[in-house]
Amino acid sequence: MKPPYKYFAATIEEATALIRSSLGADAMIVSTNRVQGKDGRLFFEISAVPGTQADDPVDHMSPDALGEIKGELVRLQQMMTVMSSPGVSLPHMVKHPVMMPVCARMVRQGIENAVMEKILEKAGVLDGAAHLSFREVNTRVVRAVAQMLPVEDPFAAGGNQQKIAAVVGTTGVGKTTTIAKIAATLIMQHQKSVGLISIDTYRIGAREQLKNYADILGIPCFQAFTPRDLLLALGRLKSRDVVLIDTAGQSQYDMTRLEGLKAMIGRNASIDTHLLLNVGASLSEMNETVRCFSPLSFKTYIFTKLDETRMMGNIINQVVKYPKAISYVTAGQNVPEDIEMANEKKLSALLLKNMDVTAIKIGD
Ligand SMILES: Nc1nc2c(ncn2[C@@H]2O[C@H](COP(=O)(O)OP(=O)(O)OP(=O)(O)O)[C@@H](O)[C@H]2O)c(=O)[nH]1
Ligand SMILES: [Mg+2]
């Protein structure tokens, strides 16, 4: 018998219960009639059909067909992501659709078009990608990104020479926290002796913040107001393997303070400077910061707050624009856990394989 199905009952309630038990809770009543039976009694004649879901054409589809439709939807979504990105050059993508998934991921991470072209070129997929599979294209691109992200350990063993490192960057980017994380890592994992110096002379409490970390780690911490103070403090920390220098947060537009910082650390050839950049900042902000701090001839980038953004493309955008090695990345407020020595393979995976940022923990 085809729907609608007919039900007979003395009351509407009785009929509804009957329908519900035989057609399910989402059955729909299509008509109701009152009819007189042979014995003269009145009863209800109700027609009903199963719920819409039961009639959904998707229900009759094979898992294969469903998978195909899903794949098609994903491809459409990827194509829309790529197309909605201003300036993305489509011709080779249309020619080689195998590049679509990885390109969509790069667009979602905010990797600039020009940088994307460079990556695809380095990966060797700009021309002749037709014979490659999605997986091969992906592998090549992931490898190319890793090759384009130079990394450097500022404290790598290099004889017994003392390493002195200053961190600089805009206000609140994470300098003091990062110093504490680096100090803890060096002490706990590399058995180094560490000393700290604060030249944050602008803010009351700035030294206390660093001093608290120093006390927890059981290491010395000095404050320096002038280049002479700094030399004295460095002298007192001469026996330490590593000296880390915390600096005041600088507005990149405050040239007087930047000059002051340069006078303090810029002229001392034994001090390596590392620039912190918040990965969530816009590329133009990053460029402006880099431009203003470049008189300090910083040696590496430290990207901070990876946990606060889903778009990390600016890491590679910045490195391509102004090449410097990356020494560390930080991803959270926990001291010392949320820091990791930069690793090009992990960074590439973070950018292209949707790797979880919580994978960034010391000791990994
Ligand atoms: N989510 C997140 N927060 C961070 C990270 N690094 C530092 N912070 C937080 O950012 C805030 C500022 O950190 P600080 O280390 O005081 O920054 P700073 O650069 O020394 O600041 P100033 O000395 O004022 O210029 C603190 O609340 C930190 O806990 C990180 O990787 N992720
Ligand atoms: Mg600070």
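The values are calculated or read from the model by the stated rules, or taken from the named source; none is laboratory data. Note that the coordinates shown come from a computational prediction; the quantities given were computed from them, not determined experimentally. Glycine also receives a Cβ, built like all others from the backbone with ideal geometry; neighbour counts cover every protein chain displayed.
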| Do we have any residue at all in the range 298-309 that's in contact with a helix residue (DSSP H, G or I) (Cβ under 9 Å, 6 or more places away or on another chain) and within 16 Å of ligand 2 (Cβ to nearest atom)? | yes
| query | Is there any pair linking a residue in the range 322-345 that is outside the structural domain of Val279 (by TED's automatic domain parsing) to one that is away from ligand 2 (no atom under 16 Å from the Cβ), with Cβ under 6 Å and at least six apart or on different chains, and which? | reply | none
| field | Selection within the range 212-239 - crowded, with 17+ Cβ neighbours inside 10 Å and within 16 Å of ligand 2 (Cβ to nearest atom) | value | Tyr213, Ala214, Cys221, Phe222, Gln223, Ala224
| note | Contact list, first residue from the range 201-229 and among the aromatic types (Phe, Trp, Tyr), second anywhere and at pLDDT 85 or above and within 16 Å of ligand 1 (Cβ to nearest atom), beta-carbon distance below 6 Å, six or more apart or interchain, is Tyr213/Ala180; Phe222/Ile197
| request: Look through the range 147-173, keep the residues that are small (Gly, Ala, Ser) and at pLDDT below 95, and return whichever of them is farthest from the chain's Cα centre (by Cα). | output: Gly159
| request: Go through the range 139-169 residue by residue and tally those that are part of a loop (DSSP other than H, G, I, E, B), out of contact with any Ser or Thr (no Cβ under 6 Å at 6 or more places or on another chain) and closer than 18 Å to Asp272 by Cα. | output: 9
| request: Determine if the range 240-254 includes at least one residue that is more than 20 Å from Lys299 (Cβ to Cβ), out of contact with any helix residue (DSSP H, G or I) (no Cβ under 7 Å at 6 or more places or on another chain), free of Cβ contacts under 8 Å to residues at least 40 places away in the same chain and within 16 Å of ligand 2 (Cβ to nearest atom). | output: yes
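Yes/no matrix, rows are residues, columns are (1) in contact (Cβ under 8 Å) with a residue 60 or more places away in the chain; (2) within 14 Å of ligand 2 (Cβ to nearest atom); (3) closer than 23 Å to Lys238 by Cβ:
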{"position": "Pro154", "(1), (2), (3)": "yes, no, yes"}
{"position": "Ala165", "(1), (2), (3)": "yes, no, yes"}
{"position": "Thr170", "(1), (2), (3)": "yes, yes, no"}
{"position": "Val173", "(1), (2), (3)": "yes, yes, no"}
{"position": "Thr177", "(1), (2), (3)": "yes, yes, no"}
{"position": "Ser193", "(1), (2), (3)": "no, no, yes"}
| query | Restricting attention to the range 301-331, and to residues there that are of a type in the set (Val, Ile, Thr) and more than 16 Å from ligand 1 (Cβ to nearest atom), which single residue is farthest from the chain's Cα centre (by Cα)? | reply | Val320
| query | Just for the range 264-294: of the residues that are touching a residue at least 60 places away in the same chain (Cβ under 8 Å) and more than 25 Å from Gln223 (Cα to Cα), which one is surrounded by the fewest Cβ atoms within 10 Å (Cβ to Cβ)? | reply | Leu283
| Residue list for the range 38-73, filter: closer than 18 Å to Lys6 by Cα, assigned to a helix (DSSP H, G or I) and modelled with pLDDT of 80 or more | none
| Taking Val151, is it under 20 Å from Thr304 (Cβ atoms) and within 16 Å of ligand 1 (Cβ to nearest atom)? | no
